[in-house]
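Peer 1: Below you'll find the structure I mean.
The values are calculated or read from the model by the stated rules, or taken from the named source; none is laboratory data. Being a predicted model, the structure only gives us computed values, none of them experimental. Ideal geometry is used to build each Cβ from the backbone, glycine not excepted, and the neighbour counts take in all protein chains shown.
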Amino acid sequence: MRQWSTLEASRKIKPIMRALANKLSKEDAQAKVALEPFGRKTLSFYRYIEIDSPVDLRDKLYVAWEKLGILGRIYLAEEGINAQISVPIPKLEEFTEDLNSVAELNPVATPQPIRLNFALDQSAPSFWKLIIKIRSQVVADNLPKGSYDLKQVGEHLSPQEFNQALENGGVVVDMRNQYESVIGKFANAITPHSQTFSEELREVAELFKEKKSEPLLLYCTGGIRCEKASAFLLAQGFTKVKQLEGGIINYAQAVKTTGLESKFHGKNFVFDARLAEAVTAEIIGKCYTCQTPADTYDNCKNDTCHNLIIQCDQCRVNTLGTCTLACQKIVALPMEEQIQIRKGHKALFNRPVNRPVNRPVNFS
Ligand SMILES: [Zn+2]
Ligand SMILES: [Zn+2]
């Protein structure tokens, strides 16, 4: 299985993307969703499975799922699929059937329905467009090939079993990035400082290298990162690696529907317009500006910055929703001048102004 470089991949898909991409502006797409006469469900799913031609599959899925009115962001790679989507409720059954009939995503030998993780908070829209992208990996790990075997992963624990395991003692490790764990985490969880998954894998292996036979309880948003992390840690010689099945999303559903005691506190960071959903009402984050308790993320309103920050309501007003005095000064300028600055910034950095460097568009 050959790994594509991102550049190669983007060259290969460009002509097709142009033909299939949704051409609506963000505003028009939002207006279209607002007028829909039906409700939607936000859900996510993933599967690690060898896909021979992600490009061909992309075309096929785009055509089929656009017809069903699916919106969202889907990544395809030779190692599998990772999707966060919004499905019209009347089409949910049809979509589920279609998903499980896609030959490339369903191994003939051991067919098993793909697990759908439904979001806890279905009140706000999550996506406005359907975007399917090709990546070199669905979860970037920057590890040499053969560093782990995705068929040898950590034991899956149900939310109930995870609670039991927490009580029995074991090291709880948050496999998400730091900006995710600062607004919500399991009690006593180790939250590594890494800003990317690939850094975090190394950090966790190093942190516990003397404790390879202790139980490690891993969790992440929906399970996709723990699947890979547990495979990597097992390959590194760790012997008792367990993972929360379906991640925090599934755990939060169990808390809501079965009355399970929540040992997760605060909000679950999610990768769509909602940015987070509350699992419990506790606020465990801090305002970036004044350090008082806060857990609402937003991007800095300076379009050349877009830094993702937590702010309290008061500071959001006082700073005009910006992260620094420099950004605040720019936002306070007349729109004409702001546009000039944006143009200069774009030329200077040769990247689109709406693609900030540190905005977590995905967790890889
Ligand atoms: Zn504040
Ligand atoms: Zn800023």
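Peer 1: It is to be established whether one or more residues within segment 18-27 are in the same structural domain as PRO107 (by TED's automatic domain parsing), of a type in the set (Ser, Thr, Tyr) and either loosely packed, with under 15 Cβ neighbours inside 10 Å or modelled with pLDDT under 85 (or both).
Peer 2: For segment 18-27, residues in the same structural domain as PRO107 (by TED's automatic domain parsing), of a type in the set (Ser, Thr, Tyr) and either loosely packed, with under 15 Cβ neighbours inside 10 Å or modelled with pLDDT under 85 (or both): present.
Peer 1: Separate question: Quick check on my filter: what residues within segment 233-246 are crowded, with 24+ Cβ neighbours inside 10 Å and touching a Phe, Trp or Tyr at 6+ places or on another chain (Cβ under 6 Å)?
Peer 2: LEU244
Peer 1: To continue, here is another question. For the subset of segment 263-309 comprising residues that are of a type in the set (Phe, Trp, Tyr) and not in a loop (DSSP other than H, G, I, E, B), which member is farthest from ligand 1 (Cβ to nearest atom)?
Peer 2: Once the filter is applied, the top-ranked residue is PHE264.
Peer 1: Shifting gears a bit: Does PRO111 count as part of a loop (DSSP other than H, G, I, E, B) and not assigned by TED's automatic domain parsing to the domain that holds ARG176?
Peer 2: Yes: the conditions hold for PRO111.
Yes/no matrix, rows are residues, columns are (1) at pLDDT 95 or above; (2) closer than 30 Å to LEU201 by Cβ; (3) buried (at least 17 other Cβ atoms within 10 Å of the Cβ):
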{"residue": "GLY69", "(1), (2), (3)": "yes, no, yes"}
{"residue": "GLY72", "(1), (2), (3)": "yes, yes, yes"}
{"residue": "ALA77", "(1), (2), (3)": "yes, yes, yes"}
{"residue": "GLY80", "(1), (2), (3)": "yes, yes, yes"}
{"residue": "LYS91", "(1), (2), (3)": "yes, no, yes"}
{"residue": "PRO111", "(1), (2), (3)": "no, no, no"}
{"residue": "ASN142", "(1), (2), (3)": "no, yes, no"}
{"residue": "GLU161", "(1), (2), (3)": "yes, yes, no"}
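Peer 1: Report, by residue number, each residue of segment 54-82 that is farther than 22 Å from LYS151 by Cβ and either among the polar types (S, T, N, Q) or assigned to a strand (DSSP E or B) (or both). Before the answer, list the steps.
Peer 2: Quick first cut of segment 54-82, residues farther than 22 Å from LYS151 by Cβ only: 55-56, 58-74.
Scanning segment 54-82 gives LEU71, GLY72, ARG73, ILE74.
Peer 1: Please determine, by comparing only the residues of segment 291-305 that are within 16 Å of ligand 2 (Cβ to nearest atom) and of a type in the set (A, V, I, L, M, F, W, C), which one is nearest to ASP174 (Cα to Cα).
Peer 2: Applying the filter and picking the extreme gives CYS300.
Peer 1: Go through LEU275, LEU234, LEU260 for me and flag whichever is free of Cβ contacts under 8 Å to residues at least 40 places away in the same chain and of a type in the set (A, V, I, L, M, F, W, C).
Peer 2: Being free of Cβ contacts under 8 Å to residues at least 40 places away in the same chain and of a type in the set (A, V, I, L, M, F, W, C) holds for just one of LEU275, LEU234, LEU260, which is LEU275.
Peer 1: Now for a separate question. Hey, among ASN307, ASN250, ASN299, which residue is closer than 30 Å to LYS343 by Cβ and either touching a residue at least 60 places away in the same chain (Cβ under 8 Å) or crowded, with 19+ Cβ neighbours inside 10 Å (or both)?
Peer 2: ASN299
Peer 1: Next question, about the same structure. Could you please let me know if LEU92 is in a loop (DSSP other than H, G, I, E, B) and of a type outside the set (Val, Ile, Thr)?
Peer 2: no
Peer 1: Can you tell which of LEU275, LEU333, LEU308 is within 27 Å of TYR75 (Cβ to Cβ), within 16 Å of ligand 2 (Cβ to nearest atom), among the aliphatic types (A, V, I, L, M) and not assigned by TED's automatic domain parsing to the domain that holds PHE45?
Peer 2: Selected residue: LEU308, the only one of LEU275, LEU333, LEU308 that is within 27 Å of TYR75 (Cβ to Cβ), within 16 Å of ligand 2 (Cβ to nearest atom), among the aliphatic types (A, V, I, L, M) and not assigned by TED's automatic domain parsing to the domain that holds PHE45.
Peer 1: Looking for something within 8 Å of ligand 1 (Cβ to nearest atom), more than 23 Å from the chain's Cα centre (by Cα) and either part of a loop (DSSP other than H, G, I, E, B) or of a type outside the set (Lys, Arg) (or both) - is there at least one such residue anywhere in segment 320-331?
Peer 2: no
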